[in-house]
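Read through the structure below, which is laid out as structure tokens, and then see the notes.
The values are calculated or read from the model by the stated rules, or taken from the named source; none is laboratory data. Not measured: the values here are computed from a predicted model. Methodologically, a virtual Cβ is constructed for each residue, glycine included, from the backbone with ideal geometry; neighbour enumeration extends over all protein chains shown. Note: accessible area is taken over every heavy atom of the protein model, side chains too, but ligands, DNA and RNA are not part of it. Shrake-Rupley method; radii C 1.70, N 1.55, O 1.52, S 1.80 Å.
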Amino acid sequence: MNFLRRYRGAILLPLVLAATTAAFAWKLLFTGLVVIGYDTMAYMYPYRVFAAEALRQGRVPLWNPWIFFGVPFLANLQSAVFYPLHALFLVLPGPFAMNASVVLHFFLAAWFAALAARGIARLDWWSAGVAGLLYGFSGFVGAQVGHLNQLNAAAWLPLAALTMHRALDAHAIRWAVATGVILAVQLLAGHAQESYMTVVALAAYVTFHVAVVAWTLTLPGRAPHGDHLGVWARSLRDAAPSVAPRRTDGPLRGGAALRWRAWWQHATWSGALLGVAGTFAGGIAAVQALPTTELTAVSIRAGGMSFGEAISFSLPPRELFVGLLPTFGLAAPSSNEFLGWVGFSGATLVLAGITFRARQPAVLFFALLALVALLLALGNHTPIYGSI
């Protein structure tokens, strides 16, 4: 009973999220309807079914003979032959495996986001559950139903952020290894852009974390409690106690030299942990990444993208509110790529969280990350994109 009382949030929340996911996706689960759309019919179904048939026959699908005179199959990242959760296509008919994958990744996105909110922002279980629902059932995630590889990859982003956060907090190699495993699984899901953006976000978080430690260590007279920097100081003290040793009366021991030696140690550890994560991710995903790299070198993408191609899906400012609040003006976005809504109530909660918890480093970081992401999404509609 004590165990259940202590961990009831951790036990009940995934059950609640699973039930909510079933209610949200009831048509996919209970009516016999299947996902349909141009990319789904022309790309996702054929690739998933072809790979599953080959694997059931005991062979690795290196080549697809059904397009032109044949084309590489495994080397195409979007084939996602080695993605573990595509085992669903081995045991279910293609359309229903697609349904099951969509519903499963709705749940995973919500559950992983809840875990991240709990572990990074230090929310209670039920508040973390609300955060999980806002991500798992957001416009961004929902709009990718027809792009199964993007949905599959997006679900792993919050978990990668959580494990990297824990690695930095405790200087724990095991959490860096876990981050590497998660990044590898995400890459195997078959959407390079999602993996690229995840790695960039994690690298930015590591840099931000090191900068916060440096700034906090310049304040030897600040106690960990009681002033307007208390949240920052407590976060540092709780997250990385070995980095900045303190006396019970507040000031750091050893003066400036010890403080900056501690910061350098933390910065070195942080860079090493990111390197460990990247090494494990690359090593595990090499079975897919190496043939994909070889194919890319002889593909139309070998020379990269022109500036015109890079800005072709820039978010038009006139559609900003439509994408964030779809009922705004009773209009719909011109592309599902522009959907990013979390609902009016969700947007209100996000703004409240930023307003009242902005002094918590992780909250501030993700608020800044969202702002930078929005500016990048606007593309050629701002002077920033072209300058970088």
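Just to be sure before I move on: is Ser335 of a type in the set (S, T, N, Q), surrounded by fewer than 17 Cβ atoms within 10 Å (Cβ to Cβ), farther than 30 Å from Arg122 by Cα and in contact (Cβ under 8 Å) with a residue 24 or more places away in the chain in the structure I sent?
Spelling it out, it is not the case that Ser335 is of a type in the set (S, T, N, Q), surrounded by fewer than 17 Cβ atoms within 10 Å (Cβ to Cβ), farther than 30 Å from Arg122 by Cα and in contact (Cβ under 8 Å) with a residue 24 or more places away in the chain.
Got a sec? Which of Arg118, Arg122 is of a type in the set (Lys, Arg) and either closer than 24 Å to Lys27 by Cα or assigned to a helix (DSSP H, G or I) (or both)?
Result: Arg118 is the single residue among Arg118, Arg122 that is of a type in the set (Lys, Arg) and either closer than 24 Å to Lys27 by Cα or assigned to a helix (DSSP H, G or I) (or both).
Take Tyr196 and decide whether it is out of contact with any helix residue (DSSP H, G or I) (no Cβ under 9 Å at 6 or more places or on another chain), in a helix (DSSP H, G or I) and not β-branched (Val, Ile, Thr).
So Tyr196 fits the description; yes.
Within the stretch 128-170, considering only helices (runs of 4 or more DSSP H) that don't extend past its boundaries, which have at least 2 residues that are modelled with pLDDT of 95 or more?
Details: elements: 139-142, 148-154, 157-170.
Answer list for the stretch 128-170: 148-154, 157-170.
State whether one or more residues within the stretch 339-357 are in contact with a Ser or Thr (Cβ under 9 Å, 6 or more places away or on another chain), aromatic (Phe, Trp, Tyr), exposed (fewer than 13 other Cβ atoms within 10 Å of the Cβ) and part of a loop (DSSP other than H, G, I, E, B).
no
Sort through Trp264, Trp269 and tell me the only one that's at pLDDT below 95, within 14 Å of Ala176 (Cα to Cα) and open to solvent by 50 Å² or more (accessible area, probe 1.4 Å).
Trp269
Across the stretch 265-319, what is the total count of residues that are in contact with a helix residue (DSSP H, G or I) (Cβ under 9 Å, 6 or more places away or on another chain), aliphatic (A, V, I, L, M) and over 22 Å from Phe73 (Cβ atoms)?
Qualifying residue count for the region: 10.
When the stretch 41-52 is examined, which residues are found to be over 9 Å from Phe89 (Cβ atoms) and either charged (D, E, K, R) or touching a residue at least 60 places away in the same chain (Cβ under 8 Å) (or both)?
Met44 - this is the single residue of the stretch 41-52 that is over 9 Å from Phe89 (Cβ atoms) and either charged (D, E, K, R) or touching a residue at least 60 places away in the same chain (Cβ under 8 Å) (or both).
What are the residue pairs meeting all of these: first residue in the stretch 291-311, first residue closer than 26 Å to Trp63 by Cα and open to solvent by 80 Å² or more (accessible area, probe 1.4 Å), second residue modelled with pLDDT of 90 or more and part of a loop (DSSP other than H, G, I, E, B), Cβ atoms under 8 Å, and 6 or more apart or on different chains?
Glu294/Ala75
Quick one: in the stretch 63-72, which of the residues that are more than 13 Å from Pro46 (Cα to Cα) and either among the aromatic types (Phe, Trp, Tyr) or surrounded by 13 or more Cβ atoms within 10 Å (Cβ to Cβ) (or both) is farthest from the chain's Cα centre (by Cα)?
In the first step, residues of the stretch 63-72 are kept if they are more than 13 Å from Pro46 (Cα to Cα); the result is 63, 68-72.
From the residues that got through so far, the ones that are either among the aromatic types (Phe, Trp, Tyr) or surrounded by 13 or more Cβ atoms within 10 Å (Cβ to Cβ) (or both) too are 63, 68-69, 71-72.
Working: Trp63: 31, Phe68: 36, Phe69: 38, Val71: 31, Pro72: 29 Å.
Only one residue tops the list, namely Phe69.
When the stretch 73-90 is examined, which residues are found to be touching a residue at least 60 places away in the same chain (Cβ under 8 Å) and open to solvent by less than 20 Å² (accessible area, probe 1.4 Å)?
Leu74, Ala75, Ser79, Ala80, Val81, Tyr83
Would you mind stating whether Tyr7 is open to solvent by 50 Å² or more (accessible area, probe 1.4 Å), of a type in the set (Phe, Trp, Tyr) and within 30 Å of Leu123 (Cβ to Cβ)?
Answer is yes for this residue.
Would you pick out the residues in the stretch 13-32 that are open to solvent by less than 100 Å² (accessible area, probe 1.4 Å) and without any contact (Cβ under 8 Å) to a residue 12 or more places away in the chain?
Within the stretch 13-32, Ala19, Ala23, Thr31, Gly32 meet the criteria.
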